[in-house]
Amino acid sequence: MKKSRNKHILIAVILFAATRLLLSSCIDMGLTPAGASALSLFISTVYLWITYGTGWTSMLSISLLAFTGIAPASTIMGNSFGNSTTVICIGTLILCVALEENGVTRLIANWFITRKIVNKKPYMFLFMFLLANLFICYFMEATAVMIIFLALGKSILDSLGYTVEDKFSKSLYFGILWITCVGNGATPIGHPVPMLMLNSLAAITGETVSWIKYMIVGIPLSLVTLLLTLAIIKWFVRPDCSKFASYDAMERRKDLQRLDQKGIVSLVVYVGLIIAWLLPDFIGLILPAVAEKLNSVGASILSLIAVAIVCAIQVKGEPVLKYETAVKKIHWTTVIFIACIFLYASAFNMESGGINVFLKALVAPLADQLPAGVLAAVFLLFVIFVTNFASNGVTGIIGITVCVPPLLGVTSVSYVTAYGVLVAILCNMGIATPGGSGFVALAQKDGYITGGETMKFSLLLIAMMYVTVMLIFWPVARFLF
């Protein structure tokens, strides 16, 4: 087994050497020797991400990039661990631990499914359960949300007598998987991948994307996806809902407990942080000086202040969130991966590498033959399909760094911005295979859904989503941006 794993390191080295040799003939297309080395390293890193995961491989890739000569070591560190997206990622992950530890997420989830309207109405229950999942996903890191909803869903299925063979069980697990993924892309709040995509897009186009405008596209698209999910469950999965008659929302509501002081403080601080993040978009015309100050401070600094507050405030002699607990519970692999991805996003735009010039020249023949709308449609189809078999971060960054330059050559910045926002949303829909995202592995671990079932129904949803995006949300994004 160890030899089988070690061979991938050798393959990555060979891949780097072969790619570097191949790219040496492309210097006349704008690519510099440093850029050729950086691009070769990125390609071999992607291979290691697929075969080994994104932890130590990302750390190694960050280190090796300094040897390519594309930038000094100080720039390498500043654009990876020192960039604002990585800091925001750390801050929001810690705050999500506070919400989870103090019962905020579980209370919100249970509130949705204890409404009187869900009694004896299985599809209303599924709608409210998945709506709760989606609502919390708008503001929290998705992995924690999915773990909470899988545990909650399993307890409900067990109490109703549903087994792993029942289609109602499968329906609930499919719903949790799909809604968690689309919710993860619906807003940038607490979500590293959308933030990374937007920052990468801004680095190429020079235009910052408003979070409000992003959510005007992302949230309605996620709600439509919820309806598509219920349609697939009803007309294609077709579960037997007879056992649901024993579900008693009123009885379950009796077990709900109010938030204690720690939970209230956690919720207030996180809501306050979200308001501070979004405030400049609302008050820009009324209080431009305040908006400018908040923008100059930046979202990363505000997130660190919020973390300090929840760790500093004491309730009955204990902090709202123990810093040591938070540091242990956050997913550091995600942080390191985000640092690495953002480093490459910036490296692709460095004049010292000429990578963007090269990629633009490489795709130019295709761009010259196709109208901008068709080119964008092809690129979006690539993103939503490939993300089901490769990491969402990797697919998204390819959809931005590789596809945006040729689009910029044939159309306007606003047009490209609309495209980039849809990439940031759709790259999160890795729902068909574990290779697409860890969420699939989480959904399958209890045995309620198999690999074949997941592939079949997930690709059906992907096809329906793509058609919906091109018919409705592509025009909406074009109008907004």
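For region 1-16, what are the residues that are under 17 Å from residue 70 (Cα atoms) and surrounded by fewer than 16 Cβ atoms within 10 Å (Cβ to Cβ)?
Residues of region 1-16 under 17 Å from residue 70 (Cα atoms): 16.
Within region 1-16, no residue meets the criteria.
Could you tell me which residue of region 126-184 is surrounded by the fewest Cβ atoms within 10 Å (Cβ to Cβ), considering only residues that are outside any helix (DSSP H, G or I), at negative phi and not polar (S, T, N, Q)?
The qualifying residue surrounded by the fewest Cβ atoms within 10 Å (Cβ to Cβ) is 165.
Given the criteria assigned to a helix (DSSP H, G or I), surrounded by fewer than 24 Cβ atoms within 10 Å (Cβ to Cβ) and among the β-branched types (Val, Ile, Thr), does residue 224 qualify?
yes
I'm trying to understand the selection: among the residues of region 94-125, which are open to solvent by 50 Å² or more (accessible area, probe 1.4 Å) and at positive phi?
Correct list: 120 only.
For the structure I just gave you, tell me whether residue 5 is charged (D, E, K, R), at pLDDT 90 or above, over 20 Å from the mean Cα position of the chain (by Cα) and part of a helix (DSSP H, G or I).
no
Determine if region 252-266 includes at least one residue that is in a loop (DSSP other than H, G, I, E, B), of a type in the set (Asp, Glu) and surrounded by 11 or more Cβ atoms within 10 Å (Cβ to Cβ).
Checked region 252-266: at least one residue is in a loop (DSSP other than H, G, I, E, B), of a type in the set (Asp, Glu) and surrounded by 11 or more Cβ atoms within 10 Å (Cβ to Cβ).
Could you pull out the residue among 189, 219, 232 that is under 17 Å from residue 422 (Cα atoms), part of a helix (DSSP H, G or I) and β-branched (Val, Ile, Thr)?
Sole residue among the options that is under 17 Å from residue 422 (Cα atoms), part of a helix (DSSP H, G or I) and β-branched (Val, Ile, Thr): 219.
Just name the residue that is nearest to residue 57 (Cα to Cα) out of those in region 311-332 that are among the small types (Gly, Ala, Ser) and open to solvent by 50 Å² or more (accessible area, probe 1.4 Å).
Initially, region 311-332 is screened for residues among the small types (Gly, Ala, Ser), giving 312, 317, 326.
Now drop any that are not open to solvent by 50 Å² or more (accessible area, probe 1.4 Å), which leaves 312, 317.
Values: 312: 35, 317: 42 Å.
Filtering region 311-332 for residues that are among the small types (Gly, Ala, Ser) and open to solvent by 50 Å² or more (accessible area, probe 1.4 Å), the one nearest to residue 57 (Cα to Cα) comes out as 312.
Read through the list (1) within 12 Å of the chain's Cα centre (by Cα); (2) crowded, with 24+ Cβ neighbours inside 10 Å, then give the number of the only condition that residue 438 fails.
The number of the failed condition is (2).
Take residues that are out of contact with any Leu (no Cβ under 7 Å at 6 or more places or on another chain), open to solvent by less than 30 Å² (accessible area, probe 1.4 Å) and polar (S, T, N, Q) and tell me which of the helices (runs of 4 or more DSSP H) falling wholly in region 27-93 contain 1 or more.
Passing ranges, in order: 33-52, 56-65.
If the Cβ limit is 6 Å and pairs must be 6+ apart or interchain, which residue in region 410-424 that is at pLDDT 90 or above pairs with which residue that is aromatic (Phe, Trp, Tyr) and buried (at least 24 other Cβ atoms within 10 Å of the Cβ)?
So the pair list comes out as 421/214.
Search region 374-398 for residues being small (Gly, Ala, Ser) and either open to solvent by 40 Å² or more (accessible area, probe 1.4 Å) or at pLDDT 90 or above (or both), and hand back the single one that is farthest from residue 433 (Cα to Cα).
Only one residue tops the list, namely 376.
Considering only region 287-301, I want to know if a residue exists there that is open to solvent by less than 80 Å² (accessible area, probe 1.4 Å), within 13 Å of residue 98 (Cα to Cα) and small (Gly, Ala, Ser).
For region 287-301, residues open to solvent by less than 80 Å² (accessible area, probe 1.4 Å), within 13 Å of residue 98 (Cα to Cα) and small (Gly, Ala, Ser): absent.
Would you be able to say whether some residue in region 452-462 is surrounded by fewer than 18 Cβ atoms within 10 Å (Cβ to Cβ), within 21 Å of residue 394 (Cα to Cα) and in contact (Cβ under 8 Å) with a residue 40 or more places away in the chain?
Of region 452-462, the ones surrounded by fewer than 18 Cβ atoms within 10 Å (Cβ to Cβ) are 452-453, 455-456, 459-460.
Filter again for within 21 Å of residue 394 (Cα to Cα), leaving 455, 459.
From what's left, in contact (Cβ under 8 Å) with a residue 40 or more places away in the chain: 459.
Taking every residue of region 452-462 in turn, at least one turns out to be surrounded by fewer than 18 Cβ atoms within 10 Å (Cβ to Cβ), within 21 Å of residue 394 (Cα to Cα) and in contact (Cβ under 8 Å) with a residue 40 or more places away in the chain.
Could you pull out the residue among 358, 337 that is of a type in the set (Phe, Trp, Tyr), within 27 Å of residue 80 (Cα to Cα) and over 25 Å from the mean Cα position of the chain (by Cα)?
358
The values are calculated or read from the model by the stated rules, or taken from the named source; none is laboratory data. Here the structure is a predicted model, which means the values were calculated and not measured. A quick note on method: Cβ atoms are made from the backbone with ideal geometry, for glycine too, and the neighbour counts reach across all protein chains shown. Keep in mind that these areas ignore ligands, DNA and RNA; they rest on the heavy atoms of the full protein, side chains included. Shrake-Rupley method; radii C 1.70, N 1.55, O 1.52, S 1.80 Å.
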